[in-house]
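*Asks:* The following block contains the structure, expressed as structure tokens.
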Amino acid sequence: MMNRLLSRRNIGILILVIGVLLVLGLTAQEKPVLLTENQGDCQPLYGSGKQTYYIQTDKPNNPQIMQVDVDPIDVKTGELQKITVKVMDNDSNTITSKSGISASIFTDNKTTAIASNAFKLAIAGDEQDDSSSLVTIWEGYWEKDDSTCQTYVARITAINDKGEESFITVTFK
């Protein structure tokens with residue numbers, strides 16, 4: 001009986017089965033692990049509460065994004081974050097919710113788009129020192145539904161009614 005179990009044919013089949021199992025085990029793809037806030041290797045956040053970012057460039061575009069407020073920067077999952085954008089147009093071209101301000105928030109596992117119709121005009125007026133420039137302030141909200149352990153970036157885009165576009169990228173980590 002033992003001779004029958006250890007025959008060349010059975011040993012060959014056994015080696016073949018072990019080889020197939022090894023190949024399948026080595027080539028099996030692992031599912032990506034989503035990052036979470038509970039991991040100990042999270043990058044530190046730059047600040048807490050409301051944060052204001054003043055934008056200065058040596059060659060400003062038209063329209064020019066002058067300031068971005070993020071409130072709160074340390075938003076918790078399930079809470080809303082307000083993004084306020086101050087924009088100046090040197091040719092007094094209007095920016096409307098149709099032409100608009102939009103944002104993309106990049107987090108660990110996804111990108112959340114805030115469409116231009118989600119940003120509402122808060123204040124419009126002329127700059128005191130240059131009456132030919134139209135300044136508008138826009139507010140938009142998004143609900144955090146992903147971790148920001150490694151990636152936490154906002155890309156803000158402004159487009160005036162002439163179709164001129166400018167954008168800035170703000171990194172929070």
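The values are calculated or read from the model by the stated rules, or taken from the named source; none is laboratory data. These numbers come from a predicted model, not from an experiment. In this analysis, Cβ positions are derived from the backbone assuming ideal geometry, glycine residues included, and neighbour counts consider all displayed protein chains.
Listed here are the residues, each with its yes/no results for (1) modelled with pLDDT under 85; (2) more than 30 Å from Asp41 (Cβ to Cβ); (3) outside any loop (DSSP other than H, G, I, E, B).
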position	(1), (2), (3)
Ile105	no, no, yes
Thr148	no, no, no
Ala158	no, yes, yes
Val170	no, no, yes
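*Asks:* Using beta carbons and a limit of 9 Å, which pairs, at least six apart or on different chains, have the first residue in the range 124-141 and modelled with pLDDT of 65 or more and the second one basic (Lys, Arg) and surrounded by fewer than 17 Cβ atoms within 10 Å (Cβ to Cβ)?
*Replies:* Trp138/Lys120; Glu139/Lys82; Glu139/Lys120; Gly140/Lys82; Gly140/Lys120; Tyr141/Lys82
*Asks:* Has the range 93-101 got at least one residue that is in contact with a Pro (Cβ under 8 Å, 6 or more places away or on another chain), in a loop (DSSP other than H, G, I, E, B), closer than 23 Å to Ser166 by Cα and not charged (D, E, K, R)?
*Replies:* Step one: of the range 93-101, the residues in contact with a Pro (Cβ under 8 Å, 6 or more places away or on another chain) are 93, 95.
Remaining after also requiring in a loop (DSSP other than H, G, I, E, B): 93, 95.
From the residues that got through so far, the ones that are closer than 23 Å to Ser166 by Cα too are 93, 95.
Restricting the remaining residues to those that are not charged (D, E, K, R) gives 93, 95.
Yes: one or more hits.
*Asks:* Tally time: how many residues in the range 44-92 are not hydroxyl-bearing (Ser, Thr, Tyr) and not in a loop (DSSP other than H, G, I, E, B)?
*Replies:* Here is the first cut: in the range 44-92, the residues not hydroxyl-bearing (Ser, Thr, Tyr) are 44-45, 47, 49-51, 55-56, 58-76, 78-83, 85-91.
Add one more test, that the residue is not in a loop (DSSP other than H, G, I, E, B), and what stays is 51, 64-71, 80-83, 85-89.
Qualifying residue count for the region: 18.
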